Ligand SMILES: Cc1cc2nc3c(=O)[nH]c(=O)nc-3n(C[C@H](O)[C@H](O)[C@H](O)COP(=O)(O)OP(=O)(O)OC[C@H]3O[C@@H](n4cnc5c(N)ncnc54)[C@H](O)[C@@H]3O)c2cc1C
């Protein structure tokens, strides 16, 4: 059934304090709306979970990007455009900048926020594999104070998160210690623009000659939540890249995911693409190792 605007209440918070104050009054009653690019789709489909919306769009405390000596703190209200245009993010976290650049079209990038992408909790969300491999941490805020937790584990199941109803994500912290790694990010979809991923990868690695010193691989759209491929990483770490290792890595990666059939793709296709993306990444590491 279509939604009737008269049934909804929308208030602009204006400040972070006002927003969390409202959420604390009756937790679960007010739904934060940032860019609205996911919420308005739910609204149009008559599937919005709440009739009371508190806008956190342009709340200054959520919109800043702070460059600190050990980490970069990206405000949850930063848009994809803010992210892909930020020089330090582009240089040190290129996979996040790339994901921002291929999320929807330009209009979507001007409105959609990183906080909205995380809380919307789609397994196909483009920025989330990068957050996993960069070891991102989240700062959550409520009237009770702040808490900081690793992004890994924030999504507990399909569309489920560890966010309490009275909390907002304030910022996403990206440690700078991994910024020298070789990276590989790719989105496989029906086309480059305006397409949800069938599978996406973000991977980081460090090689010495043929030897893989460290490796971190995450995939989207292959499980109920964005997934770190721990078994594949363990298999590859500390080994020399050769044909047999690449073949085992492909098999291990395909075994540790649980893709589904849906309107965008089939489980079989997703598994094959996931294997190919892991192989592509290992080949890239190998080429870089030979150059070093
Ligand atoms: C045409 C179109 C194309 C798209 N293409 C892509 C794509 O290619 N890749 C992709 O990953 N996504 C895509 N999306 C989805 C969407 O744009 C993103 O998920 C976006 O990041 C959502 O951010 P938002 O600010 O618009 O969230 P909103 O719609 O405002 O909110 C989404 C959810 O997050 C919550 N929320 C928002 N901010 C916070 C916060 N700081 N703290 C706590 N809760 C919060 C809201 O309460 C809501 O539950 C597309 C959407 C559209 C309409």
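Grab the beta carbon distance between residue 9 and residue 251, set R0 = 51 Å, and tell me the FRET efficiency rounded to 0.05.
Computed FRET efficiency for residue 9 and residue 251 comes out at 0.45.
Report relative contact order for the stretch 163-236 in percent, whole number only (criteria: Cα-Cα under 8 Å, sequence separation at least 6). Can you show the working numbers first?
Details: 94 pairs, mean separation 14.2, N = 74.
Worked out over the stretch 163-236, it gives 19 percent.
Measure off 7 Å from each Cα along the Cα-to-Cβ vector at residue 211 and residue 45, then give the distance between these two points in nanometres to one decimal.
Computed distance between label sites residue 211 and residue 45 equals 5.0 nm.
Can you tell me the relative contact order of the chain? Whole percent, Cα pairs under 8 Å, sequence separation 6 or more.
Contact order relative to length: 15 percent.
Evaluate E = 1/(1 + (r/R0)^6) for residue 234 and residue 87, where r is the Cβ-Cβ distance and R0 equals 30 Å; express this FRET efficiency to the nearest 0.05.
After rounding, the FRET efficiency stands at 0.30.
Take the Cα radius of gyration of the chain and divide it by 2.2 N^0.38 Å, with N its residue count; two decimals is plenty.
1.03
Going highest first, how would you order 94-102, 151-159, 28-36, 261-269 by mean Cβ packing within 10 Å?
Per-residue Cβ counts within 10 Å, averaged per peptide and sorted highest first, yield 94-102, 28-36, 151-159, 261-269.
How much mean residue ellipticity at 222 nm does the chain get from its helices, if each DSSP H run of length 4 or more adds -39500 (n - 2.57) and you divide by all residues, to the nearest 500 deg cm²/dmol?
-9500 deg cm²/dmol
Could you please state, rounded to a whole Å, how far the C-alpha centre of the stretch 105-126 is from the C-alpha centre of the stretch 193-232?
19 Å
Rounded to the nearest 0.05, what FRET efficiency do residue 31 and residue 287 give with R0 = 51 Å and r taken as the Cβ-Cβ distance? Could you check? Don't jump to the answer; show the numbers that get you there.
Details: r = 47 Å, r/R0 = 0.93.
Calculated value: 0.60.
Specify, per residue and in Å³, the volume enclosed by the convex hull of the alpha carbon atoms belonging to the stretch 172-292.
For the stretch 172-292, the hull spanned by Cα atoms encloses 117 Å³ per residue.
Below 8 Å, C-alpha to C-alpha, sequence gap of six or more: please give me the relative contact order for the stretch 166-289 in percent. Working shown, then result.
Working: 194 pairs, mean separation 26.9, N = 124.
Relative contact order comes out at 22 percent.
For a paramagnetic label modelled at 7 Å from the Cα of residue 176 toward its Cβ, which residues of the stretch 69-89 fall within the zone defined by backbone nitrogen distances under 12 Å?
Residues passing the 12 Å test: 69-73, 88-89.
Under a plain spin-label model, where a point goes 7 Å from the Cα along Cα-to-Cβ, how far apart in nm are residue 158 and residue 64?
4.1 nm
Quick check on packing: order 120-126, 55-61, 243-249, 75-81 by the mean number of other C-beta atoms within 10 Å, highest mean leading.
Going from most to least packed, we get 75-81, 120-126, 55-61, 243-249.
Every read-out reported here was derived from the displayed coordinates using simple, explicitly stated rules and does not represent laboratory data. A quick note: this is a predicted structure, and the numbers were derived from the prediction, not measured. Please note: Cβ atoms are built from the backbone with ideal geometry, for glycine as well, and neighbour counts cover all protein chains shown.
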